[in-house]
Amino acid sequence: MAVFWCTEALPLAVTALLPVLFFPLMNIMDANTVCREYLKNTNMLFVGGLLVAIAIENWHLHRRMALRVLLVTGVRPALLLMGFMVVTAFLSMWISNTATTAMMVPIAQAVLEQLHQSELESSGAGQVQEGSTPPVNSDEKEEKGDPGNAHVLTIEEDKKRNEALLEQKHLKLCKGMSLSICYAASIGGIATLTGTTPNLVLQGQINALYPDNGGVINFASWFSFAFPTMILLLVLAWMWLQILYLGFNFKENFGCAATAADKTKESEAYAVIQEESRKLGRMTFAEIAVLSLFVLLVVLWFTRDPGFTTGWATNLFNKKKRYVTDGTVAMFIAILLFVIPSGFYNAQTDGKSKFQAPPPLLDWKTVHQKMPWSIVFLLGGGFALAKGSEKSGLSTWLGTKLTPLQHVPHSAIAFLVCLLVATFTECTSNVATTTLFLPIVASMAEAICLNPLYVMLPCTLSASLAFMLPVATPPNAIVFSYGQLKVIDMAKAGFVLNILGVLTITLAINTWSSSLFHLQTLPSWANKTGTCP
């Protein structure tokens, strides 16, 4: 399965179905037990979260959010870069990284094109005023050495040189903007449990390998750990792309030394964003309803089991057992999307008075078109593979082979895991990478009496550090398809960002997350054999 996932000899979802066939044939697990691994609570959390994301996308609520923020940040180069990164990262926390990138890139291209057009026009206008009308017989005057003709030729050369410089500057800004959007989409996804699939794979693997973990990974605990990590990495990415594509002139980048012509160009580009925002009109009832349900979902997720105190689920439903989970909440909101109407009424008058109820906020036809069902099977295949590795004894065997690592400092182990996974995820699916590595590092942690979360958390985050190649992740492929970037551009920017990402995750795992998850001690639920102190 690892070879097939890496080479994509079969579609990823088809490879994920292999345990259903081979585990019963090899007497590892019976068919019923294998099939139960394919639809767990984590899968339902994934489906519920995606249904809400599809509703947001269907009513163009994400576009309204994006344009509102860009109206606040403005169009000065550094602030424009920051504005697009902040918007993209925020949206990718809730809807798919691919959909976020596909929406943001055309908006960025429109703004940059207007900015560039304004620069060319102002540059051309300046040259016309300075120049003079060419003489009627230019060849004759050139032979006579007419100074007026030489002056015109010099101006023409200067004009072409200026246009070439403007084109070069525009191309660099386009490259920086394109990379900022795809990188921000990947970085933003790590902040929430449902933001990207590897996070859900971790939750599923933890619950499968350690059933008595007490819900250590939930929406609130993950957000407390991953959100600061995302903010730090986003700031580093912004600074790196600014240095790489805008240069070290921070005064110019922030528009502090803007001339009257620069301000005119900025106002014209800003007008593009205003026009796009104006086209959306006022918020409709459907948009307000979807936004309200989205806010309710986030509030319920945070307050279900916040960790520092008992949440509403514990007080109302989970006194004896964990009945209500994050998946239950996601499904509750998702079902409401199919119940609540998208308007007040829909009257039809075709000869006789007729009243027809308006359609709901979400219909199954839209879901069927936009839901990536293959990921559900991919998640299930990963859980089945992990369970099979445990039942067959493969995980234990791998763990014992890695016991020499107990003499290596724990921080060095976490750093090496980050580096290995970040390299691996450039060539393979981030879901497949997480699925393959998590059971292995968990077994290693058990063998050397280390808290499994100490290596599983950085392994999961590193799977999202796919910054170097266009094929590494769909957002990279989308921005690459616009033709402004070369592979070397993405590799050069992504290599440094990968290093910064690995260092940021290593810092996070050894600072705030250490106290958040008590990573310095081995919890009782992870001490399966009872041999660790």
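Just a few scattered comments:
- Within segment 1-60, helices (runs of 4 or more DSSP H) holding 3 or more residues that are closer than 20 Å to LYS370 by Cα: 12-16, 41-58
- Some residue of segment 48-56 being among the small types (Gly, Ala, Ser), more than 28 Å from CYS427 (Cβ to Cβ) and open to solvent by less than 30 Å² (accessible area, probe 1.4 Å): yes
- Segment 309-352 - residue that is of a type in the set (Phe, Trp, Tyr) and touching a strand residue (DSSP E or B) at 6+ places or on another chain (Cβ under 8 Å) and, of those, modelled with the lowest pLDDT: TYR345
- The set of residues in segment 447-471 being more than 27 Å from VAL216 (Cα to Cα) and either open to solvent by 10 Å² or more (accessible area, probe 1.4 Å) or among the charged types (D, E, K, R) (or both) consists of MET468, LEU469, PRO470, VAL471.
The rows are residues; the columns are (1) assigned to a loop (DSSP other than H, G, I, E, B); (2) aliphatic (A, V, I, L, M); (3) touching a residue at least 40 places away in the same chain (Cβ under 8 Å); (4) open to solvent by 70 Å² or more (accessible area, probe 1.4 Å).
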position: GLU266; (1), (2), (3), (4): no, no, yes, no
position: ALA269; (1), (2), (3), (4): no, yes, yes, no
position: GLN274; (1), (2), (3), (4): no, no, yes, yes
position: GLU287; (1), (2), (3), (4): no, no, yes, no
position: LEU293; (1), (2), (3), (4): no, yes, yes, no
position: PHE302; (1), (2), (3), (4): no, no, yes, no
position: THR310; (1), (2), (3), (4): yes, no, no, yes
position: LYS321; (1), (2), (3), (4): yes, no, no, yes
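- Filtered residues of segment 200-225 (kept if in contact (Cβ under 8 Å) with a residue 60 or more places away in the chain, more than 21 Å from GLU37 (Cα to Cα) and either in a loop (DSSP other than H, G, I, E, B) or of a type in the set (Phe, Trp, Tyr) (or both)): PHE219, PHE223, PHE225
- Tallying residues that are open to solvent by 30 Å² or more (accessible area, probe 1.4 Å), of a type in the set (Val, Ile, Thr) and out of contact with any Leu (no Cβ under 6 Å at 6 or more places or on another chain) within segment 410-446 yields 1.
- Some residue of segment 382-392 being aromatic (Phe, Trp, Tyr) and either in a loop (DSSP other than H, G, I, E, B) or out of contact with any helix residue (DSSP H, G or I) (no Cβ under 7 Å at 6 or more places or on another chain) (or both): no
- For segment 63-84, the tally of residues that are open to solvent by less than 10 Å² (accessible area, probe 1.4 Å) and within 16 Å of the chain's Cα centre (by Cα) stands at 3.
- Figure legend. Inter-residue proximity from segment 67-79: first residues free of Cβ contacts under 8 Å to residues at least 12 places away in the same chain and more than 15 Å from TRP238 (Cβ to Cβ), second residues surrounded by fewer than 18 Cβ atoms within 10 Å (Cβ to Cβ) and not β-branched (Val, Ile, Thr), beta-carbon distance below 6 Å, spacing 6+ or different chains. No pairs are indicated.
- Filtering segment 498-533 to residues that are open to solvent by less than 50 Å² (accessible area, probe 1.4 Å), in a helix (DSSP H, G or I), closer than 17 Å to THR460 by Cα and of a type in the set (A, V, I, L, M) leaves LEU500, VAL502, ILE505, ALA508, ILE509.
The values are calculated or read from the model by the stated rules, or taken from the named source; none is laboratory data. Please read all numbers here as calculations on a predicted model, not as lab measurements. Ideal geometry is used to build each Cβ from the backbone, glycine not excepted, and the neighbour counts take in all protein chains shown. Surface areas here come from the heavy atoms of the whole protein model, side chains and all, with no ligands, DNA or RNA. Shrake-Rupley method; radii C 1.70, N 1.55, O 1.52, S 1.80 Å.
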